[in-house]
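Down below is the structure, laid out as structure tokens.
The values are calculated or read from the model by the stated rules, or taken from the named source; none is laboratory data. All figures in this text were calculated on a predicted structure; none of them were measured in a lab. For neighbour counting, all protein chains shown are included, and Cβ atoms are generated from backbone atoms with ideal geometry for every residue, glycine included.
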Amino acid sequence: MKFSNHDLRKGRTSISGAYYHIIINTHQRLPLLANNNVASIIFETFDWLETKHRIRWICIMIMPDHVHSIIELGIGQTLPKVLHSLKLFTAREINKHLSRCGRFWQAEYRDWAVRDETALNKMIRYCYLNPVRKGLVKTARDYPYWRCKYEMGW
């Protein structure tokens, strides 16, 4: 029996103040994200969500066809509502910028609750090294579409 991500979320609740590692993919994994203007739209949207106290972002890694983020969920917020806002706004703005229309993001997303500081550090490191694993750069510090509130000393 095959379950969709939506089926797997049934009965799950979002925990305000909890940390989550989230991955969202472009529709059909199209490589539309890794350029300065598109990345700016995504970064600015995370900033806006933070100013509205919906999230506090820890790190954001924009790959060509997906985005990794680690966030702390704001009080009274749920992952589905926050991600709906993020995806709706960025899809509209990025499509406008790229002179395209239609679906931009895959409907589903993947998320993992961060259990402790050790797990948080592992997830940040995983995000940070993703462009190296994918062969986009030789060293992670050379990848331009990355933000983190913590110094990367690895």
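Summary table below
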| quantity | calculated |
| --- | --- |
| Cβ pairs under 6 Å, 6+ apart, first in region 63-85 and within 19 Å of residue 132 (Cα to Cα), second assigned to a helix (DSSP H, G or I) | 65/29; 68/127; 70/123 |
| Leading residue by the ranking (surrounded by the fewest Cβ atoms within 10 Å (Cβ to Cβ)) among those in region 88-125 that are touching a residue at least 40 places away in the same chain (Cβ under 8 Å) and among the hydroxyl-bearing types (Ser, Thr, Tyr) | 109 |
| Of residues in region 71-87 being β-branched (Val, Ile, Thr) and within 15 Å of residue 23 (Cβ to Cβ), the one surrounded by the fewest Cβ atoms within 10 Å (Cβ to Cβ) | 82 |
| Qualifying positions in region 133-142 - within 18 Å of the chain's Cα centre (by Cα), surrounded by 11 or more Cβ atoms within 10 Å (Cβ to Cβ) and free of Cβ contacts under 8 Å to residues at least 40 places away in the same chain | 140 |
| Number of the condition not met by residue 9 [criteria: (1) basic (Lys, Arg); (2) loosely packed, with under 13 Cβ neighbours inside 10 Å; (3) modelled with pLDDT under 95] | (2) |
